[in-house]
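Participant: My questions will all concern the structure given below.
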Amino acid sequence: MRVPCYTYDMQDATLIPDDLEACQQQLRGCLATHGQLQRVYQELVETCMGLQAGQEKLRQERDELQLTVQRLLHQLYGRRSERRKDAAGQQRLCFGEEEALPADLTVISAATDEEIIAEYLVRRRRRRAQPRSEQLPEHLERRTERIEPQLPAGVKREDCEPLGVDIVETLQFDRAQVWVRRIEYPKYKLPLAALSGHVEPDAAGEPLVGGAPVDVDAGSPDAHTAPAVADVPAELTVTTEPDVVLDRSAVRQEQPEVKPQPSANTPPVSPHAPGAASPPIVERHGIIQAPREPALCPGGRYGFGVAAEVLFSKFVLHVPLYRQQDMWAQSGWSPSRATLGQIVATSAELFVPLAELFRQRVLSSPVLGTDDSPITLLTPGVGAGSRQARFWLYRGRETAPYNVFAFTDSRERAGPDQFLENFTGTLTGDCYSGYVNIEKVTRGRIRFAACLAHARRKVFDARELQPLLSSQLLAVIGELYDIEDRAAALDDARRLALRQRESVPTMARLWAVLESPTALQVLPKNRFAEALAYLRNHWDAFQLYLQDGRLPIDNNEVEREMRRVALARKNWLFVGSEDAGDRTATILSVVSSAHRHDLDVWAYLHDALEQLARGTRDLASLLPDVWKAAHPEHVRTFREQEKENRAAERRYRRAARRQAARTSATPAD
């Protein structure tokens with residue numbers, strides 16, 4: 001907008017009109033110009049203020065983007081630990097609630113920390129003082145080679161005096177070898193005298209157990225009762241068709257298993273082979289043959305060792321099937337990807353009853369931890385060809401130490417609701433929308449306890465926005481975890497008493513920080529405000545663990561186990577169908593539960609597959625904790641030792657931090 005502007009030189013008196021009317025007219029023009037200039041000035045001020053506000057907003061957005069870039073770079077290349085390192089000499093923050101704590105609490109805690117530190121330092125010195133054993137494990141096979149020295153010309157070895165032998169042991173590795181197990185099932189025709197008068201040449205027979213008739217097909221009009229055969233062992237079975245093995249699982253439950261004694265002309269049978277304990281088959285015309293051994297799939301083409309290796313490679317080492325083809329080719333067998341997929345599918349079908357037992361035991365637990373992780377589900381011909389599905393983990397506590405995975409094609413609450421429809425107790429996890437109102441939806445049947453580690457992580461990730469306030473929050477949460485360190489070795493009742501005595505006042509201090517004027521003045525549209533809102537909105541769920549000694553303070557154990565899905569997702573990328581997702585969840589349940597108990601997963605898979613293929617009814621013997629007690633030779637003891645060392649180091653690190661905080665808080669003399 002252009003404004004007429006009148007400029008006058010005050011030194012030039014001739015510019016001032018002499019008559020009054022001209023002066024008034026000139027003054028009115030100056031006033032009009034001044035008003036216009038005032039309006040322009042106001043517009044410029046408002047524009048400037050808008051630009052400054054926009055600049056401030058852009059600066060905040062820039063800072064947010066820089067923090068986001070730093071966070072993403074940290075996720076890619078930085079340390080994943082959320083451990084805080086307090087500055088040297090940092091004083092302990094006072095929140096005005098210390099008078100509520102017992103006077104001797106600091107003394108007790110200091111004495112406990114000194115004991116923890118001393119115990120860890122002694123253990124570390126002993127471990128470092130122990131000489132490293134350079135000998136290889138004694139149980140490994142030794143293949144001895146003897147390399148004689150080359151003697152001088154004319155000297156015989158017999159003339160030399162032996163002084164000893166230097167032994168050098170070198171660990172070697174042979175490529176995995178596949179081999180074909182060839183099983184022969186010879187047929188014999190019984191003498192007529194053994195069948196005379198009892199089995200007609202073309203008559204259909206029935207199985208006989210201990211001389212008593214057993215109905216093969218009660219609904220068949222051809223079924224009839226055959227009398228006991230005089231000179232034929234009672235455990236022999238008569239069938240109507242050659243080369244057909246009857247299912248004798250129901251018979252074995254009623255009668256004790258009888259082992260037939262081989263004659264002198266019978267080829268030797270491995271004592272571990274099921275054929276050694278299975279009754280033979282008598283076919284029509286008196287032809288006798290041993291029953292077929294149970295197999296993974298019809299025809300028995302692939303053994304249980306092959307299936308165990310395929311499952312171990314894919315679900316423990318996370319090697320996809322197309323890379324397993326190269327692994328098997330090195331051993332001399334080149335399977336197709338479809339063959340390996342069929343082995344996985346057949347194994348999953350065998351594991352269904354065992355996984356169902358896991359589910360029943362876990363749902364009977366009063367406390368259940370849960371978490372979920374995304375996975376790509378292929379949907380050929382539908383939409384974009386894929387969508388995001390979910391794997392859910394449900395982890396039982398001490399009374400049901402098993403992990404159960406479930407697969408759903410979305411993150412809708414229908415999946416968890418269906419799984420938990422028979423569960424009564426407390427569910428721990430993150431504040432997923434399907435869980436926060438679960439107590440109302442289930443009418444009190446299920447309570448929800450929130451994971452404090454999630455809240456701490458949100459504060460930790462946004463600590464740059466509010467350094468002082470985040471330090472206060474993290475310090476109080478750290479005190480809660482220090483209390484849990486001491487409560488870990490206690491039973492449920494004593495743990496609850498400790499929490500009521502010490503954790504309840506500490507949680508009150510945490511709430512005081514959340515409601516402090518500094519926290520209430522945080523701008524609502526940033527990540528730190530979201531962290532504060534997360535704590536405030538779910539405060540009751542965060543406090544629930546204070547009312548039950550069985551509840552954990554966080555859900556970290558479940559989250560660590562979900563890393564199995566994250567590692568798998570990086571390797572085999574997707575699941576090909578919903579059925580494949582269900583099969584994967586079944587196998588992950590078995591593998592994860594075995595790994596939880598530090599088992600040799602390959603040996604466990606091999607034995608479980610074989611027992612399930614035999615039709616075992618004793619599924620409880622295949623529970624990982626029960627199997628562990630029965631097979632101590634297949635326990636990874638070094639994993640147990642690693643867990644103990646990590647726990648001791650964690651206790652030492654926290655005790656040292658607490659001790660340093662007390663030292664810095666003590667006033668100097």
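Participant: I'm told S336 meets every condition in (1) out of contact with any Phe, Trp or Tyr (no Cβ under 8 Å at 6 or more places or on another chain); (2) within 30 Å of Y545 (Cβ to Cβ); (3) small (G, A, S) except one. Can you identify the failing condition by its number?
Facilitator: Status for S336: all satisfied but (2).
Participant: Continuing with this model, one more query. Taking the condition outside the structural domain of A345 (by TED's automatic domain parsing) and out of contact with any Phe, Trp or Tyr (no Cβ under 9 Å at 6 or more places or on another chain), does R509 pass?
Facilitator: Judged against the criteria, R509 is not a match.
Participant: Take the residues of region 627-636 that are in contact with a helix residue (DSSP H, G or I) (Cβ under 9 Å, 6 or more places away or on another chain) and exposed (fewer than 14 other Cβ atoms within 10 Å of the Cβ): which is nearest to F358 (Cα to Cα)?
Facilitator: A630
Participant: Are any of the residues in region 58-77 basic (K, R), at pLDDT below 85 and part of a loop (DSSP other than H, G, I, E, B)?
Facilitator: Within region 58-77, none of the residues are basic (K, R), at pLDDT below 85 and part of a loop (DSSP other than H, G, I, E, B).
Participant: Which one of the conditions (1) among the hydrophobic types (A, V, I, L, M, F, W, C); (2) in a strand (DSSP E or B); (3) within 30 Å of A656 (Cα to Cα) does I483 fail to meet, given that it meets all the rest?
Facilitator: Only one criterion in (1) among the hydrophobic types (A, V, I, L, M, F, W, C); (2) in a strand (DSSP E or B); (3) within 30 Å of A656 (Cα to Cα) is unmet by I483, namely (2).
Participant: Which condition does P149 not pass, out of (1) in a loop (DSSP other than H, G, I, E, B); (2) modelled with pLDDT under 90, if it passes all the others?
Facilitator: (2)
Participant: Here's something else I'd like to know. Scan region 511-528 and give yes if some residue there is farther than 30 Å from E61 by Cβ and touching a residue at least 24 places away in the same chain (Cβ under 8 Å), otherwise no.
Facilitator: Within region 511-528 (the criterion being farther than 30 Å from E61 by Cβ and touching a residue at least 24 places away in the same chain (Cβ under 8 Å)), the answer is yes, since at least one residue qualifies.
Participant: For residues in region 565-621 being outside any helix (DSSP H, G or I) and within 14 Å of the chain's Cα centre (by Cα), which is surrounded by the fewest Cβ atoms within 10 Å (Cβ to Cβ)?
Facilitator: Only one residue tops the list, namely D598.
Participant: To continue, here is another question. For region 351-377, which residues satisfy the criterion of being of a type in the set (V, I, T), assigned to a helix (DSSP H, G or I) and surrounded by 20 or more Cβ atoms within 10 Å (Cβ to Cβ)?
Facilitator: V362
Participant: Moving on to the next point. Within region 425-457, how many residues are basic (K, R), surrounded by fewer than 18 Cβ atoms within 10 Å (Cβ to Cβ) and more than 22 Å from the chain's Cα centre (by Cα)?
Facilitator: Counting residues in region 425-457 that are basic (K, R), surrounded by fewer than 18 Cβ atoms within 10 Å (Cβ to Cβ) and more than 22 Å from the chain's Cα centre (by Cα) gives 3.
The values are calculated or read from the model by the stated rules, or taken from the named source; none is laboratory data. Note that the coordinates shown come from a computational prediction; the quantities given were computed from them, not determined experimentally. All Cβ positions, even for glycine, are placed from backbone atoms using ideal geometry, and neighbour counts span all protein chains on display.
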